[in-house]
Amino acid sequence: MDRHLHIISFTVPYPVNYGGVFDIFHKIVALHKAGIKIHLHCFTQNNRRQPEIDKFCESIHYYPRKKGLAGASLTLPYIVSSRMDKSLWRKLEEDEYPVLIEGIHAAGWLTSGISPGRKVILRLHNVEQDYYRQLYLSTSSSLKKIYYHFETILLRKFEKFVAYQVDHIFAVSSRDAEKYKTLFEITNVEVLPVFTGFSNDTPPSGTGNFCLYHGNLSIPENEKAVAWLLQEVFSDAHIPVVIAGKNPSPILKQLIAKFDNARLITDPTKEIMHDLIAGAQCHVLPSFNNTGVKLKLINALFHGRHCIVNPAAVKGSGLEAACHIAHSPQQFIELTRQLFEQPLSDDELMSRKKILKDLFDEEKNCETLIRWIW
């Protein structure tokens, strides 16, 4: 008998160009390969449709995300209220297929009430209240601070509500799973590693000739990380560092331009980003946000050489043993200098491959998901 599944995605999971989309897209591919008939529901701005995902789905339904005041609410987080659509609710009422909700953002349907016996699974991409709290602390904009503050308050209430509505919750890290268990006193939470599409990829041999930080540079946390790296780690170093990512602010561009050993690559294509990751000797990836999992780190571990991180970047990820962990700017400096001309050893490569294979075996992880849904 055919098994059908509704997936409600907070965004269109294509093109595959950032963390949450990686997980959703490659999960859809894995479920399709396992024979699951997928009915995908996704929210879009500017009516953006992607026929590339048609071949993996039985049906695809697009819903407009409301912008500005039209999507705002006094009782729900904006990331949720801007994705409320009654036509989606009516579509879900046409059958009793199980539902996989991708991200708290897409969980607004739960406020309409669930029919008894219907299986609902939540994929948690972050502990969103923590994420928005840390955005609040990272930004220097007064208006953004107000927005992030109220979003944090509303997310606390909404995440608690959702935690008691769903049958099971899959977190991307043990840290997030434990946080949900502690916050809401629930037990139906476990870790399901992100789906990446990486499988037999191998780090490059030899040595690179620069350090690399990459990410979405429009996110306050990432801008803060770049500023911290330049001012605390690379300010007195002769080691070249490349900063790559989309939408850097004028302020960040001006800051990077002050450092002779730093180079900015704005909005790199997928191919350029792949070449940068393969060409770097050290991936220097501090984080000031310890929720979720950092796909840029996973990408670097599959396709790059040495990865130097702080504890917040790897806490609860299972990747601690695959990285060099620095606890201070001085340790970042020392590790960067030590590793800059040192190839990955055979032992390091073997250890890393084992860690990545154990965590990101997508066939095994897909089977786990299917077992919980059915």
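None of the figures in this text is laboratory data; all of them are computed from the coordinates on show. Fair warning: this is a prediction, and the values are worked out from it, not measured in the lab. Virtual Cβ from ideal backbone geometry, glycine too; neighbours counted across all protein chains shown.
Numerical summary
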{"item": "In Hz, Karplus ³J(HN,Hα) per residue of the range 132-146 (6.51, -1.76, 1.60; θ = phi - 60°; x = Gly, Pro)", "result": "6, 5, 6, 5, 4, 6, 7, 7, 9, 7, 5, 5, 5, 4, 4"}
{"item": "Between 0 and 90°, nearest 10: helix 270-279 axis offset from the chain longest Cα axis", "result": "40"}
{"item": "Principal semi-axes in Å for the chain [√(5λ), Cα gyration tensor, largest first]", "result": "36, 24, 19"}
{"item": "Within straight-line cross-link reach of Lys157, aspartates and glutamates at Cα separation under 15 Å, skipping those fewer than 8 residues along the same chain", "result": "Glu128, Asp130, Glu185"}
{"item": "Distant-in-sequence amide H partners of Val191 (H built 1.01 Å from N, under 5 Å)", "result": "Ala171"}
{"item": "Projected label distance in nm at Arg371 and Thr187, using a 7 Å step from Cα toward the beta-carbon", "result": "1.8"}
{"item": "With Cα atoms, 0 to 90° folded angle of helix 362-373 axis to the chain main axis", "result": "30"}
{"item": "Pairwise centroid distance, computed over Cα atoms, of the range 144-211 with the range 247-319, Å", "result": "19"}
{"item": "Pair Glu94, Ser199: separation of 7 Å Cα→Cβ label points (nm)", "result": "3.3"}
{"item": "Gain in span if fully extended, Asn46 to Glu58, counting 0.36 nm per residue against the direct Cα distance", "result": "2.0 nm"}
{"item": "In Å, descending, principal axis extents of the Cα set of the range 41-99", "result": "38, 27, 14"}
{"item": "For Ile7, distant residues with modelled amide H under 5 Å away", "result": "His39, Leu40, His41, Leu100"}
{"item": "Average Cα contact separation per residue, the chain, under 8 Å, 6 or more apart, as relative contact order %", "result": "14"}
{"item": "Whole-Hz couplings from phi, Karplus 6.51/-1.76/1.60, listed for the range 116-131; x for Gly and Pro", "result": "x, x, 7, 7, 10, 10, 10, 9, 8, 8, 7, 7, 4, 4, 5, 4"}
{"item": "Cβ-based exposure ranking for Arg371, Arg133, in which fewest neighbours within 10 Å come first", "result": "Arg371, Arg133"}
{"item": "Residue order, fewest to most beta carbons within 10 Å, for Cys366, Cys42", "result": "Cys366, Cys42"}
{"item": "At R0 = 51 Å, FRET efficiency that the Cβ-Cβ distance of Ser115 and Asp267 yields, to 0.05", "result": "0.70"}
{"item": "Charge dipole magnitude, Cβ of K and R +1, D and E -1 - the range 211-343, Cα centre, debye nearest 20", "result": "240"}
{"item": "Under Karplus coefficients 6.51, -1.76 and 1.60, residue-wise ³J(HN,Hα) of the range 33-40 in Hz, glycine/proline x", "result": "4, 7, x, 7, 8, 9, 10, 8"}
{"item": "Entries of Lys27/Lys181; Lys33/Lys296; Lys37/Lys364; Lys224/Lys353 with Cα pairs more than 22 Å apart", "result": "Lys27/Lys181; Lys33/Lys296; Lys224/Lys353"}
